[in-house]
Amino acid sequence: MSLEPRNILLVDSDAAFGPALAKVLGGNYALQQALRAKSLVTSLETESPDAILINFDDFNQPDQARNLNEIIQAASDREVAIPVIAYSWDAHGNHAREAFRTGVFDILEQPLDVQQLKFALDRACRRAALVSELAQAQQRLRSASIDGLVGNSKPMLRVDELARKVSEVFTTVLITGESGTGKGVLAQAIHRLSQRSDKPFVAFSVCSFPDSLIDDELFGHERGAFTGATQARRGRFEEANGGTIFIDEIGDLALPLQTKLLRVLQERTVERLGSNIPRPLDVRVICATNRNLEKMVAEGTFREDLYFRISVVKIPMPALRDRKEDIPLLAEHFLRLYAREHNKSARAFTPRFVSALSQHSWPGNVRELQNVIERSVVLANGNEHLGVADLPEELRGPIVSDELTTGSFHEAIYSFKRELVRSALQRHQGNKSRAAQELGISRCYLHRLLNQLLPGEAEAADPDNSDNDPAFEAYEENQLVAAKRIA
């Protein structure tokens, strides 16, 4: 099945350049040319191209900079920003470096290498498509998913489905999963979806209290029940009457207390310490644990009858490593939350930041991710885009070298290109043709990059010895069609 051609808007004052470029780009690109900046800005009011290609040299005068800024602003003001790719005879000069700060996606050097241009256009268009897809997914998520449960993966869609179903009925629910997966968030979501949403939601963690106090905390006491009990006190079950009680870490409940809890669930009544008067209860019970209750039942450390009583419906919460496709959504959710809470300017992530998150194993699950994003937001140096340098050191790993975390944006790009080229050559034992193929660029452009970035390695021997191969040179010429400013 053929793909739709990518729509490219070109702004170049040379009327002959557009037709020449369209010819060499081929049928996968639909090119429209604007000779002046104003006509391009006007066309953006009605059109939505996949990318904008602009001759940077047309704007190298101070009085023309405003027109360039208008184009970049018009492209970035869209709901999904349109990537802008510039080209110049001086792609590494100060004027070109300034373009990166204004929002240009990439700058190419003239004469244009067709393969490099196609690679840059395809990369920009794919990035814009991913951003658009993410925005649509987020919109679907906001409109369809349960408030507080962030995720669009299959495991989370299953959790969403079960939560909706169980919220409609009055039954006990057991939520299982590793620590930090969001079991408490799910319990609150079930309560909010239920007809008891306007009633109390009371959370209690078994691990937060010693066994000697849990009886009193859950079931309450009467005045004089023990030394120091100067007045009667309601327990958590009575506080939750009419609503929902969430008992976390139920697997750590001692056996004598398991027996009392079972009686409360069976009889729907509670007796305070120091009293034999049963008090009726109307409470939805949700329990959670990170332990294997079935194994505990087999070992005799958890009552079987209590297990069956609390697990009428079981909902397993997946570990974050099992739903890594949800990491960008979760990260952005926490970014908005903590940027607002701490009054910070951070608004988005760089692709490498998200890549670093996706490669981490997340033993602490969503809670660990939440802490990482809050730390990054708090410690960021006023940047709107969080980069790898804003991550804890243990998450950076081999993804970025130290030199990429300092200096200007242009210097970081320069360093990244150098490391990318060097790594590709090392992987292919210096074979430049194979390295160029892996990088998605022509061999001719690889030579140019080597001269710019690694001059000491530009003339290194090539194991495939194709530098002087006439057939290879002819192949290169067929790939790079000669035009006025096209190499």
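Throughout, read-outs are computed from the coordinates displayed, never taken from laboratory work. Here the structure is a predicted model, which means the values were calculated and not measured. For neighbour counting, all protein chains shown are included, and Cβ atoms are generated from backbone atoms with ideal geometry for every residue, glycine included.
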### Query
Using a Förster distance of 60 Å, how high is the FRET efficiency between Val169 and Ala348, based on the Cβ-Cβ distance and rounded to 0.05?
0.90
### Task
Counting other beta carbons within 10 Å of each Cβ, put Lys199, Lys165 in order, fewest first.
Lys165, Lys199
### Task
Taking amide H positions as placed in the peptide plane 1.01 Å from N, state which residues far from Ile175 in sequence (5 or more) or on other chains have amide H under 5 Å from it.
Cys287, Ala288, Thr289, Ile315
### Query
Sorted by average packing, counted as other Cβ atoms within 10 angstrom per residue and highest first, what order do 292-304, 261-273 take?
261-273, 292-304
### Task
Pull out the extension gain between Glu239 and Asp14, defined as 0.36 nm times the separation in residues minus the alpha carbon to alpha carbon distance; nm, one decimal.
73.3 nm
### Task
May I ask you to compute the full-extension gain from Ala129 to Lys324, defined as 0.36 nm times their residue separation minus their alpha-carbon distance, rounded to one decimal in nm?
68.2 nm
### Query
Over what distance in Å are the Cα centres of segment 205-220 and segment 295-363 separated?
27 Å
### Message
If neighbour count is taken as other Cβ atoms inside 10 Å, put Ser442, Ser153 in order from fewest to most.
### Response
Ser153, Ser442
### Task
Please give the FRET efficiency for Leu157 paired with Gln429, using the beta carbon to beta carbon distance and R0 = 60 Å, rounded to the nearest 0.05.
0.85
### Message
Test of understanding: what is the full-extension gain from Leu454 to Arg340, defined as 0.36 nm times their sequence separation minus their Cα-Cα distance?
### Response
36.7 nm
### Task
Can you bin segment 200-262 into rounded, prolate or oblate? Criterion: square roots of the alpha carbon gyration tensor eigenvalues sorted a ≥ b ≥ c, rounded for a/c under 1.5, prolate for a/b above b/c, oblate for the rest.
oblate
### Query
Between Gln32 and Arg291, what FRET efficiency comes out of the Förster formula 1/(1 + (r/R0)^6) with R0 = 56 Å and r the beta carbon distance, rounded to 0.05?
0.35
### Query
In the structure shown, do any of Lys165/Lys295; Lys165/Lys260; Lys23/Lys417; Lys165/Lys199; Lys183/Lys260; Lys165/Lys314 have a Cα-Cα gap over 21 Å, and if so which?
Lys165/Lys295; Lys165/Lys260; Lys23/Lys417; Lys183/Lys260
